[in-house]
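Read-outs: derived from the displayed coordinates by stated rules, not from any lab. What you see is a predicted model; the values in this text were computed from it and never measured. Cβ: placed from backbone, ideal geometry, glycine included. Neighbour counts: every protein chain shown.
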Amino acid sequence: MTGITKIFVSLHIEGRKFSVGELVLSKQNIYFRYNSDFLQTGLNISPIKLPFNGGIIATDKEPFNGIFGVYNDSLPDGWGRLLLERTLISKGINIAQITPLDRLAYVGINGMGALTYQPEIETQSDLSLMPDLDYIANETNRILQGTSSDIIEELFVLGGSSGGARPKIFVGYNPQTNELIHGTNNLPEGFEDWIIKFPSSSDNMEIAKIEYAYHKMAVNAGIEMSECKLFEGKSGQVYFGTKRFDRVENNRLHVHTASGLIHDNFRASTMDYGHLMDCAFRLEKHVKTYEKVFRLAAFNVFAHNRDDHSKNFSFLMDVNGEWTFAPAYDLTFSYSSYGFHSTMIAGESQNPGKKHLMKLAQHFGLKNGEMIIHEVQCAIKEWDSIAKECGINKDNVKEIKTTTQRLMSDF
């Protein structure tokens, strides 16, 4: 099914449902209009780029193919987009004819955050059993290599609305019984919504352990993160998992990425951490949010997380319309496409260091910038012991230690 010309947008947030408005495709342009009743709620789902009024509005074709960033945030990219397109091709559908509204219909009620879309195009698959994680890892690798998979539709249902380049699935996890089930919109009692990631063909073989160690370092550095753990397959191979921050006991929170908020093309980003700090203040309306972003910037600089693009920062809105900077995610030892930081630090992306962070701190009036940097560096210096706890091999420990020590030395 393709050729959808109208999508009804709803907000399912903390157990309540609101009809937000309509997206309409007309003559290759996409228009949006809020429902008048929704405007009365005051729940501004995208305060920076989407006008909160009753007019019929449109945005530029770039960077999101003519839709506002808040709706682009619902669309899968990377792995999720690949899964959708492989699924459509297997059904004989020409993906060149698929519009953003068609893609939103495939997301339906299964996207990240609290926004849902009707009409919904449902994908049928048998999810009665939870396959072994090793089996899923093998099938995702086949797809990444261009080979067909017998469970392409099951994989789409498991993780087709996800973002990011690495394969992942949504699951229900019971921490008391250690049981995994397929993620659903209404999990049984005792289960929590989690995401489990699988390595891509270009990843370090120990990527799961390294990301878990980075999670531990980041928490020690004072950075808020969702709970994380390593899940083990039957072979003994481990996979990184994290609890979803957009789900709380079967209730949803609205999620908006920095990319979607400011209409930044994360693949060719011009965003600076200063933009992110300004954006965070406009939403949270408290100077303390400067410290949250600055602490994360310091960690990404000194821990060599260079894939820090604008989709890797998000904000959460609750049912009262209150915004907060979301817990950090996708923190690991990484490179970007060109080796630079995806997000600049006071205008520097190639070799940022303490002086650039301090310039950022001074611009926003942060008097404790030095202290935050010291706390972050102390946490990163624990890499050796944390890596040992996580069972990371000596070569990876040495490479990361050498790199982070260099970054923490004064330029």
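Pairwise Cα separations in the chain fall into 20 Å bins from 0 onward with the following percentages, short to long: 26, 59, 15, 0.
Each of Ser385 and Lys285 was given a label point 7 Å from its Cα along the Cα-to-Cβ line. The distance between the two points is 4.3 nm.
Within the range 312-402, report the trypsin sites (Lys or Arg not before Pro) that DSSP leaves as loop and that have at most 11 other Cβ atoms within 10 Å.
Numbers: sites: Lys354, Lys355, Lys359, Lys367, Lys381, Lys388, Lys394, Lys398, Lys401; in loops: Lys367, Lys381.
Sparse-neighbourhood loop trypsin sites (Lys or Arg not before Pro): Lys367.
With the highest mean first, a sort of the peptides 330-337, 103-110, 79-86 on other beta-carbon atoms found within 10 angstrom per residue produces 103-110, 79-86, 330-337. When the GluC sites (Glu not before Pro) in the range 247-307 are filtered for DSSP coil states and for at most 15 other beta-carbon atoms within 10 Å of their beta-carbon, the remaining sites are Glu249.
With a simple spin-label model that places each label point 7 Å from the Cα along the Cα-to-Cβ direction, the separation between Lys398 and Met205 comes to 1.6 nm. When only the Cβ of Lys, Arg, Asp and Glu is charged (+1, +1, -1, -1), the dipole of the range 1-80 relative to its Cα centre reaches about 220 debye.
With r as the distance between the Cβ atoms of Asn265 and Glu85 and R0 = 25 Å, compute the FRET efficiency 1/(1 + (r/R0)^6) and round to 0.05. If you can, show how the numbers build up before the last one.
On the way: r = 20 Å, r/R0 = 0.79.
Here the calculated transfer efficiency is 0.80.
Remark: spin-label model distance Asn368-Ile121 equals 5.0 nm, labels positioned 7 Å along the Cα→Cβ axis. Measuring nothing but how far apart in sequence close Cα pairs (under 8 Å, 6+ apart) lie, relative to its length, the chain scores a relative contact order of 15 percent. Charges were assigned to the Cβ only: +1 to each Lys and Arg, -1 to each Asp and Glu. The resulting dipole of the range 133-248 about its Cα centre is roughly 280 debye. P(r) for the range 352-411, please, calculated from all Cα pair distances in 10 Å bins and given in %. Per 10 Å bin, starting at 0, the Cα pair percentages come out as 21, 42, 25, 12, 1.
Mean shadow of the range 219-339, computed from the convex hull of its alpha carbons, in nm²? Spell out each step's value before the answer.
Working: hull surface 37.0 nm².
Value for the range 219-339: 9.2 nm².
The slack between Ile109 and Phe340, meaning 0.36 nm per residue of separation minus the straight C-alpha distance, is 79.5 nm.
Work out, step by step, the length gained on full extension between Asp60 and Lys6: first 0.36 nm times the residue separation, then minus their alpha carbon distance; give nm to one decimal.
17.6 nm
Please go through the residue pairs Lys288/Lys401; Lys292/Lys381; Lys49/Lys311; Lys209/Lys292 and name each one whose alpha carbons sit more than 22 Å apart in this structure.
Lys288/Lys401; Lys209/Lys292
With all pairs of different alpha carbon atoms counted, what Kirkwood hydrodynamic radius in Å does the range 133-248 show? One over the average 1/r among Cα pairs gives 14.9 Å for the range 133-248.
Among the GluC sites (Glu not before Pro) in the range 305-411, those placed in a DSSP loop whose Cβ has at most 11 other Cβ atoms within 10 Å are Glu322. Taking the Cα centre of the chain as reference, the dipole from Cβ charges on Lys and Arg (+1) and Asp and Glu (-1) amounts to some 920 debye.
Summary value for the range 133-248: 23 percent relative contact order, contacts being C-alpha pairs under 8 angstrom separated by 6+ residues.
The helix-only estimate of mean residue ellipticity at 222 nm for the chain, built from DSSP H runs of length n ≥ 4 each weighted as -39500 (n - 2.57), is -10000 deg cm²/dmol after division by the residue total. A quarter of the convex hull surface defined by the alpha-carbon atoms of the range 14-63 gives 4.3 nm² as the mean projection. Could you list log10 I(q)/I(0) for the range 246-404 at q = 0.17 Å⁻¹, which the Debye formula gives when each Cα is one point scatterer? For the requested q values the scattering log ratios are -1.04.
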